[in-house]
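I have placed the structure first, in the form of structure tokens, so that the comments after it can refer back to it.
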């Protein structure tokens, strides 16, 4: 869809088109749009992550297809796009979280972690011989300022949200969230809301093997990736309600 529009201006990341566009960044954003769907929601107490998971029947344990990662005990991230690109950024964010703890004796805030990731992403939009990271993050957690959720994109830009979705099913998922999300939503309803949105997209294909779910709840403010049995129990509540 970009070949004719690019007309040679997409050959290098440092070259703007006459319209002021960086086509390599737009291509990276397109890679995110083609990724699996990831949804993150928060209220005043907690954060919930849910992602679509695709794996082959011949794949062992689903390793290599992870879409939710822990940055620190209080921060997690859901991704859409190129998982290999995401791992580079996540490893960097993990190191920065520990550096912050060692230097200042306090946990890094979600906003500062987001800014560090985005500043590194932005460097890869302005230097020759590199390409943008083809991945977007929904980075969320609970720090001294309470729960927060940020979206990052391949350009290095970021935005703050209460609930958001990225990936191939993001348009439909965002429409569902806009209709059903409320700022005063309870923790129990918050746990189910991202799964309800995935259910709208995936229908009967949604089960414990086709999604991953993680929480950071007000009780301990600690990131937890749910086991298959815990996901199945949560999905049973979805079908009962």
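Odds and ends about this structure:
- The stretch 105-153: number of residues that are under 15 Å from the mean Cα position of the chain (by Cα) and not in a helix (DSSP H, G or I): 15
- Verdict on residue 102 being in a helix (DSSP H, G or I) and crowded, with 21+ Cβ neighbours inside 10 Å: no
- The set of residues in the stretch 220-232 that are in a helix (DSSP H, G or I) and at pLDDT 95 or above comprises 229, 230, 231, 232.
- Of the residues examined, residue 138 is not one that is touching a strand residue (DSSP E or B) at 6+ places or on another chain (Cβ under 8 Å), at pLDDT 95 or above, surrounded by fewer than 20 Cβ atoms within 10 Å (Cβ to Cβ) and closer than 30 Å to residue 15 by Cα.
- Any hit, the stretch 165-172, residues being surrounded by 23 or more Cβ atoms within 10 Å (Cβ to Cβ) and in a strand (DSSP E or B): yes
For (1) outside any helix (DSSP H, G or I); (2) crowded, with 18+ Cβ neighbours inside 10 Å; (3) touching a strand residue (DSSP E or B) at 6+ places or on another chain (Cβ under 6 Å), each residue gets a yes or a no:
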residue: 185; (1), (2), (3): yes, yes, no
residue: 188; (1), (2), (3): no, no, no
residue: 200; (1), (2), (3): no, no, no
residue: 209; (1), (2), (3): yes, no, no
residue: 215; (1), (2), (3): yes, yes, yes
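- Test set (1) within 18 Å of the chain's Cα centre (by Cα); (2) touching a residue at least 24 places away in the same chain (Cβ under 8 Å) - residue 226 fails condition number: (2)
- Among the candidates 57, 30, 19, 44, residue that is farther than 15 Å from residue 225 by Cβ, in contact with a strand residue (DSSP E or B) (Cβ under 8 Å, 6 or more places away or on another chain) and surrounded by fewer than 17 Cβ atoms within 10 Å (Cβ to Cβ): 44
- Out of 191, 183, one residue alone is more than 17 Å from the chain's Cα centre (by Cα) and in contact (Cβ under 8 Å) with a residue 12 or more places away in the chain. It is 183.
The values are calculated or read from the model by the stated rules, or taken from the named source; none is laboratory data. If you're wondering where the values come from, they're calculated on a predicted model, not measured in any experiment. In this analysis, Cβ positions are derived from the backbone assuming ideal geometry, glycine residues included, and neighbour counts consider all displayed protein chains.
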